[in-house]
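Notes follow the structure.
The values are calculated or read from the model by the stated rules, or taken from the named source; none is laboratory data. Bear in mind that the values here come from a model prediction, so they are computed numbers and not experimental data. We place every Cβ from the backbone using ideal geometry, glycine too, and count neighbours over all the protein chains shown. For the accessible areas, the whole protein counts, side chains as well, though only heavy atoms, and no ligand, DNA or RNA atoms are used. Shrake-Rupley method; radii C 1.70, N 1.55, O 1.52, S 1.80 Å.
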Amino acid sequence: MSLESIVALTKRRGFIFPGSEIYGGFAGTYDFGPLGVALRKNIVDLWTRSMQEHDNMAQLDSSIVTSGKVWEASGHVSGFSDPLVLCKACHTKHRADHVLEAIGVTADEKMSEKELNELFDEHRKNLTCPNCGKKDFGAVTAKNLLATTSLGMFEEGDTQSYLRGETAQGIYINFKNVLDTGFYSVPFGIAQVGKAFRNEISPRQFLFRKREFEQMEMQYFTPESEARADFAAWKEERMNYYLSLGINPDKLRFKQHENLVFYAKDACDIEYEYPFGWGELEGIHYRGNYDLTQHQQFSGVDLSVYNEETKERFLPHVVETSVGLDRTMLMILSDAYHEDEMGGDKRVVLKFNPKLAPIKAMVSPLLKNKPELVEKAREVRAALKKVHPVIAWDDNGNIGKRYRRQDEIGTPFCITIDFDTLGENPELLNTVTLRDRDTGTQERLTIAEVEEKIRQAVS
Ligand code: ATP
């Protein structure tokens, strides 16, 4: 399966549209159509529910736009950059580390601009532009990824404001606020879902690298003595979470970070094998108490916590789990996408876990010009909508075409109302056919049985 086939299907059926398309597009942005919105909501709901399984988990929704001081304290203003290199032949921009990677050379994330230039120069004669294939690159420069905004800035000298580069900083700066509510005590976590912005040099690979994207992040505040065990537990929990969604285990793996940034105590990624190869899905990091230390120092506000036993104040350590909603969506689409044959016909099917499927079931009268069938089908749909609100209706074209359309958008069940439902065969009165998306098999069930089947599959 190619990335292009997923891009085409998701546009055709209303999951994902290129951003600003009628104006020729705007790189690194995508708009989500009716089914995309539904799929994203289901992903967020499941992630949130997995966090809520912890008794000591708070939720937060912090601002997208923040004072520049937040990002000075976090180190993003001075150190959040990617190495930019320009192709002098075709004038396209590229990430120098990606250009090096293409010939098997790994640039250490911690390298300075000078060191990167030395490495680049060492291999320069073998480095080709991914766009035009020429060997004519300029020098490597560090490009800061933070997106600035003029919101709230009126006069020269006003502090620069930024669109947040990650949601995590909003959590750190509200750590004390959440603690002071009196409902939480260390160890506890704060979970947040929201937009983040990065001036990525070359956004690419569809939803994988966008300039405006969404993160689902959790920071777990814990005493230093427990932090390593918590890190191990979160690693295991997050991998089990993906397995519980039914993601193919062969396409998931851990990648341990070898070269840690100076404050990090441990770090690993969960990677997924996307159609273009392995890539980071989620980062799990043990960050020491670097972030709280920085914000305490820059803001001058005491962020420490009192330990009743030792009678001392301390700054908790942090274990972070950070995953992109967009990368999760791409993983779920890639994992679900199948091309197979059914009844002698080729079909495309999205084999979504029913919990994630944007539409849970489709109800259809066998014939659309028989009012008695239509009326009964509407009655069945109304009953099923009480089990779950997203039950579709389709009476267009022949029944086979309706099934194929639903297969393409991953609807797990199709329910058809026919003359037997109305009692043509008295033994089958008030029964319907339920077709399974993955096998194509149909069974005759009562309406109550269908309700129960859907309830179990989606809850
Ligand atoms: P990469 O190395 O791929 O650029 P990163 O290590 O910078 O990613 P983090 O800063 O750890 O990523 O961000 C946490 C998560 O946010 C990532 O695991 C990813 O799922 C998501 N993410 C980061 N950058 C982007 C982006 N440009 N587009 C979409 N999702 C992103």
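Does the stretch 16-130 come out rounded, prolate or oblate, given a ≥ b ≥ c as the square roots of the eigenvalues of its C-alpha gyration tensor, rounded meaning a/c under 1.5 and, failing that, prolate meaning a/b above b/c?
Prolate.
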(request) Just grab the label-to-label distance for residue 112 and residue 255, each label 7 Å out from Cα along the Cβ direction, in nm (one decimal). (result) 2.7 nm
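Working out 0.36 nm times the residue gap between residue 125 and residue 5, then minus their Cα-Cα distance, what length gain in nm do you get to one decimal?
Details: separation 120, 0.36 × 120 = 43.20 nm, distance 3.54 nm.
Length gained between residue 125 and residue 5: 39.7 nm.
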(request) Calculate the dipole size of the stretch 230-372 relative to its Cα centre from +1 charges on Lys and Arg beta carbons and -1 charges on Asp and Glu beta carbons; express the result in debye to the nearest 20. (result) 600 debye
(request) Using only the Cα atoms of the stretch 33-75, build the gyration tensor, take square roots of its eigenvalues as a ≥ b ≥ c, and label the shape rounded, prolate or oblate: rounded if a/c is under 1.5, else prolate if a/b is larger than b/c, else oblate. (result) oblate
(message) Below 16 Å, Cα to Cα, which aspartates and glutamates can residue 453 reach? Residues fewer than 8 away in the same chain don't count.
(response) 436, 438, 443
(request) Leaving ligands, DNA and RNA out of it, report the carbon-plus-sulfur percent of the accessible area of the chain at a 1.4 Å probe. (result) 49 percent
(message) What whole-number distance in Å separates the alpha-carbon centres of the stretch 106-156 and the stretch 239-290?
(response) 25 Å
(request) Count charges around residue 305 for me, please; just the other residues with Cβ under 14 Å from its Cβ, Lys/Arg as +1, Asp/Glu as -1. (result) -4
(message) Considering only C-alpha atoms, what is the centroid distance from the stretch 1-45 to the stretch 175-222, in Å?
(response) 22 Å
(request) Go through the chain and flag any cysteine with no other cysteine's C-beta closer than 4.7 Å, please. (result) 268, 414
(message) Along the Cα→Cβ direction, 7 angstrom out, place labels at residue 98 and residue 442. What is the inter-label distance in nm?
(response) 4.8 nm
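As a test of reading the structure, rank 2, 244, 161 by solvent-accessible area (1.4 Å probe, protein chains only), most first.
Highest to lowest solvent-accessible surface, that is 244, 2, 161.
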(request) Keeping all protein chains in place, calculate the accessible area per residue for the chain (probe 1.4 angstrom), answer in Å². (result) 48 Å²
(message) Can you tell me the length gained on complete extension of the stretch residue 347 to residue 63, counting 0.36 nm per residue apart and subtracting the Cα distance?
(response) 97.8 nm
(request) Hand me the GluC sites (Glu not before Pro) from the stretch 1-78 located in a DSSP loop with no more than 12 other Cβ atoms within 10 Å, in residue order please. (result) 53
